[in-house]
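Enquirer: One structure coming up, written as structure tokens, with questions to follow.
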Amino acid sequence: MSNSSIDDLVMFTTHQPEYEESQTPPEKCVKGQPLQRTWHHFTSEDEAFFAGFWEAEPGCWSVSYSENEFCQIVSGRSILRDQQGREQLLETGDNFVIPAGFQGQWEVLETTRKIYVIYQP
């Protein structure tokens, strides 16, 4: 690992992110085919740690997590649903971790934006 300094901080407010925009793949869609956007700010040297912003329009799709993800909902409302149909409403200000191995559905009720921090074991 190289030595880092204050110059290596990634400030989301001033850093120019990698921007990506894509429709949710049809094979994952349960309702609609929502547009998803990512403003990717950081990838570690070993490519196991990632951080940035994510946003999606209303719709519902299947999810399967191989990674551990910390999320902070910045705006909007969504529902995360497990395979047993149990639900968790996610709203502005909510902070949570989705552990690797989680499977279910992500349903966006109102366009949702979150900060994501991902660790891929």
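Enquirer: For the range 108-121, just list the computed ³J(HN,Hα) in residue order, Karplus coefficients 6.51, -1.76 and 1.60, θ = phi - 60°, integers in Hz, with x standing in for Gly and Pro.
Expert: Listing the rounded values in order: 8, 8, 10, 2, 10, 10, 9, 8, 10, 9, 10, 10, 9, x Hz.
Enquirer: Carbon and sulfur atoms: what percent of the 1.4 Å accessible area of the chain do they account for?
Expert: Summing carbon and sulfur atoms, their accessible area is 50 percent of the total for the chain.
Enquirer: What is the calculated FRET efficiency for R113 to S64, with r their C-beta to C-beta distance and R₀ = 25 Å, to the nearest 0.05?
Expert: Working: r = 22 Å, r/R0 = 0.88.
That gives a FRET efficiency of 0.70.
Enquirer: Let me spell out the model: positive unit charges on the Cβ of Lys and Arg, negative unit charges on the Cβ of Asp and Glu, origin at the Cα centre of the chain. What dipole size does that give, in debye rounded to 20? Could the numbers behind the result be given before it?
Expert: Values: 8 positive and 19 negative charges, 104 e Å.
Using Cβ point charges on Lys, Arg, Asp and Glu, the chain gives about 500 debye.
Enquirer: Right, next: Residues with beta-carbon under 10 Å from that of E55, excluding E55: net charge, scoring Lys, Arg +1 and Asp, Glu -1?
Expert: Working: positive: R37, R113, K114; negative: E21, E57.
Taking every Cβ under 10 Å from that of E55, the sum is +1.
Enquirer: Here's a follow-up. Amide H of G59 versus every other amide H placed in the peptide plane: which residues, excluding those fewer than 5 positions away on the same chain, fall under 5 Å?
Expert: Correct list: V108.
Enquirer: Restricting attention to the range 1-110, which chymotrypsin sites (Phe, Trp or Tyr not before Pro) occupy a DSSP loop and are surrounded by at most 16 other Cβ atoms within 10 Å? Mind dumping the intermediate values first?
Expert: On the way: sites: F12, Y19, W39, F42, F49, F50, F53, W54, W61, Y65, F70, F96, F102, W106; in loops: F12, Y65, F102.
Filter output for the range 1-110: F12, Y65.
Enquirer: Right, here's the next one. For Cα Rg over 2.2 N^0.38 Å, the listed values are (1) 1.11; (2) 1.05; (3) 1.85; which was obtained by calculation from the structure presented?
Expert: Given (1) 1.11; (2) 1.05; (3) 1.85, the structure-derived one carries the label (1).
Enquirer: On average, how much accessible surface per residue is there in the range 25-100, in Å², for a 1.4 Å probe, leaving out ligands, DNA and RNA? Intermediate results must be reported in sequence, preceding the final value.
Expert: Working: 4120 Å² over 76 residues.
With all protein chains present, the range 25-100 gives 54 Å² per residue.
Enquirer: Identify the residues of the range 94-121 with backbone N under 19 Å of a label point that sits 7 angstrom from the Cα of Q83 along the Cα-to-Cβ direction, or state none.
Expert: Of the residues in the range 94-121, 98-107 have backbone N under 19 Å from the label point off Q83.
Enquirer: What residues qualify as long-range amide H neighbours of A100, i.e. H under 5 Å apart, gap of 5 or more or another chain, H built at 1.01 Å from N?
Expert: Under 5 Å from the amide H of A100 lie the amide H atoms of N68, E69, each far enough along the sequence or on another chain.
Enquirer: Looking at the range 54-99, which trypsin sites (Lys or Arg not before Pro) are in a loop (DSSP not H, G, I, E or B) and have at most 15 other Cβ atoms within 10 Å?
Expert: Values: sites: R77, R81, R86; in loops: R86.
Answer in residue order: R86.
The values are calculated or read from the model by the stated rules, or taken from the named source; none is laboratory data. Worth saying up front: this structure is predicted, and the values here are computed from it rather than measured. In this analysis, Cβ positions are derived from the backbone assuming ideal geometry, glycine residues included, and neighbour counts consider all displayed protein chains. Just so you know, the surface numbers come from the protein's heavy atoms only, side chains and all, with ligands and any DNA or RNA stripped out. Shrake-Rupley method; radii C 1.70, N 1.55, O 1.52, S 1.80 Å.
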